[in-house]
Amino acid sequence: MMKMIKNEKGSTLIELIVVIIISTVLIMVSAIGIVTFFRSYSRIKKNIDLQQGVMECMHLLRHGLLMPAKNENLITLLEYNPTSTEYWGISTARKIQISNVNTTYGYGTTLRITPPISTAQQRNDYLEYYLREGAIRAQYSYNGTQVSVPLYIFPKEADVDNIEVTRFEIYDANKPNLAGAYYAPTSDKREVPIVRVVIEARMLLRDAPLPRDREYETVVYETYIAKKYVTD
């Protein structure tokens, strides 16, 4: 019996401590991996959302807003109906005017669209895009009545604390400078004015008390949009 007791093996205190240490390290490594994964996933998702927002804004500029436009029912990439004449955009504009021009770099920050006229009431209607306080906004006059509150085109009003547009540049792609940059139908119907649009936007990833310590995800999109010839 004494021999059996002497030969019986068990775990010592040191072995238990080693097992606990190894288990703790494995748990910590797993936790760090999970946290890193979710951070990467969150960053990728925010980048995709930011790109989607900029692309939809470009889509709105190209094909237009469904009039009368409201913040709660702005079109998306899936809802656009190209057969409707009530979409006001660059591609269907009767006239386009670029203003607030930076003469040094040759771009403007305000784009005014005059839509095709359907009724006599629409003779003075317009749609104007501009950048203010980090958001691309729009105001318009529809059937002679100006909208009372400007629209948030990008980002949406609910997202202005996390997304900021840092560049909204409108270029006349047909001219080297923007002196008197004003489009109007000409006698040469083969001429198709082209507008170059640049949008730079950033999304807040990590906030901090000091602006220099904040972390952002930034995207830049550039496109050319051709205006069709439209008669009055």
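Just so it is clear, none of the values below were taken in a lab; they were calculated from the coordinates. From a predicted model like this one, the values you see are computed outputs, not experimental measurements. Glycine also receives a Cβ, built like all others from the backbone with ideal geometry; neighbour counts cover every protein chain displayed.
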Modelling each spin label as a point 7 Å along the Cα-to-Cβ direction, I'd like the Gln51/Asn143 distance in nm, to one decimal. 4.1 nm
Taking amide H atoms as placed 1.01 Å from N in the peptide plane, list the residues 5 or more away in sequence, or in a different chain, whose amide H sits under 5 Å from that of Arg94. Thr114
Inter-label distance, nm, simple model (7 Å from Cα along the C-beta direction), Ile117/Glu222: 3.8 nm
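Rank the residues Arg212, Arg206, Arg43, Arg94 as a footprinting-exposure proxy: fewest other Cβ atoms within 10 Å of their Cβ go first. Mind showing how you got there, number by number?
Numbers: Arg212 5, Arg206 10, Arg43 15, Arg94 21.
Listed from fewest to most nearby Cβ atoms, that is Arg212, Arg206, Arg43, Arg94.
Greater than 20 Å separation of Cα atoms is the criterion. Which listed pairs, Lys95/Lys227; Lys46/Lys70; Lys70/Lys156; Lys45/Lys156; Lys46/Lys156, meet it? Present the calculation step by step, with values, prior to reporting the outcome.
Working: Lys95/Lys227 9 Å; Lys46/Lys70 25 Å; Lys70/Lys156 12 Å; Lys45/Lys156 17 Å; Lys46/Lys156 15 Å.
From the list (Lys95/Lys227; Lys46/Lys70; Lys70/Lys156; Lys45/Lys156; Lys46/Lys156), the Cα-Cα distance tops 20 Å for Lys46/Lys70.
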